Amino acid sequence: MRGRDLPRGRTAPALIALSVLALFLSGCPFSSDYPLSDPGSAVPEKALVGQWRMQDPDSGEWHALTILPFDEHQMVAVSVENDRGKVSGFRMFVTAVGPERFLNLQELGDSDPGWFYARFDVDKDHLRLQIVDDTLFEKRSFDSSAELAAFVRAHLSDPRLYAGEDEKPSVATLERAVAQP
């Protein structure tokens, strides 16, 4: 199965509706019918659980993202748009691809849910996310999660995995809103 066709020029956050990322990430995210691995084999990343925030550099407004455990394999992320009160929720789980860790994200309540991906790095107080861009995937088709993960693994060092040809890869850095003990 080929990756989903998405319109160029849309922002990654508009497509995945994580309003907290809308401020910093751009490009056109890759979406597929397949996650990078079987969610049944995933283990929740405890360091992701909690409240995260980032500040809009233009308005100074803070935006929040809450990540909670869902079951023994998955987590859920929830974001509320401050001005409209719209709640966005995502099913998510972690997949290791080589030395990198990726979030598999699927919007809850979407009538045609596809999977989006974000490379992440988390330390005690900061969460860094990079959305996987569609640049490398435009003419590719995948028949399984394993095939998709192998392609990503083969291109981990290619900057086009995270940005278009003439774009600089964007990294969203969120800070922990509530200090961990």
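Would the stretch 49-161 count as rounded, prolate or oblate if I go by the C-alpha gyration tensor, calling it rounded below 1.5 in a/c and otherwise prolate when a/b exceeds b/c, oblate otherwise? Prolate. Of all accessible surface on the stretch 82-181 at a 1.4 Å probe, what whole percent is carbon and sulfur? Accessible surface attributable to carbon and sulfur in the stretch 82-181 totals 47 percent. What the stretch 32-160 shows is 49 Å² of accessible area per residue, with the surface traced by a 1.4 Å probe over protein heavy atoms. Mind running the shape call on the stretch 133-181? Use the C-alpha gyration tensor, a ≥ b ≥ c as the square roots of the eigenvalues: rounded below 1.5 for a/c, prolate if a/b tops b/c, oblate otherwise. Oblate, since a/c reaches 1.5 and b/c is not below a/b. Among the GluC sites (Glu not before Pro) within the stretch 139-181, those in coil by DSSP and having at most 16 neighbouring Cβ atoms inside 10 Å are E165, E167. Rounded, prolate or oblate for the stretch 84-140? Axes are the square roots of the Cα gyration tensor eigenvalues, ordered a ≥ b ≥ c, and the cut-off for rounded is a/c under 1.5. Since a/c reaches 1.5 but b/c is at least a/b, the shape of the stretch 84-140 is classed as oblate. About its Cα centre, the dipole of the stretch 53-105 is roughly 140 debye, where the only charges are +1 on Lys and Arg Cβ and -1 on Asp and Glu Cβ.
Put the Cα centre of the stretch 86-121 next to the Cα centre of the stretch 123-138 and the gap is 10 Å.
The values are calculated or read from the model by the stated rules, or taken from the named source; none is laboratory data. These numbers come from a predicted model, not from an experiment. All Cβ positions, even for glycine, are placed from backbone atoms using ideal geometry, and neighbour counts span all protein chains on display. With ligands, DNA and RNA removed, areas are computed over all heavy atoms of the protein, side chains included. Shrake-Rupley method; radii C 1.70, N 1.55, O 1.52, S 1.80 Å.
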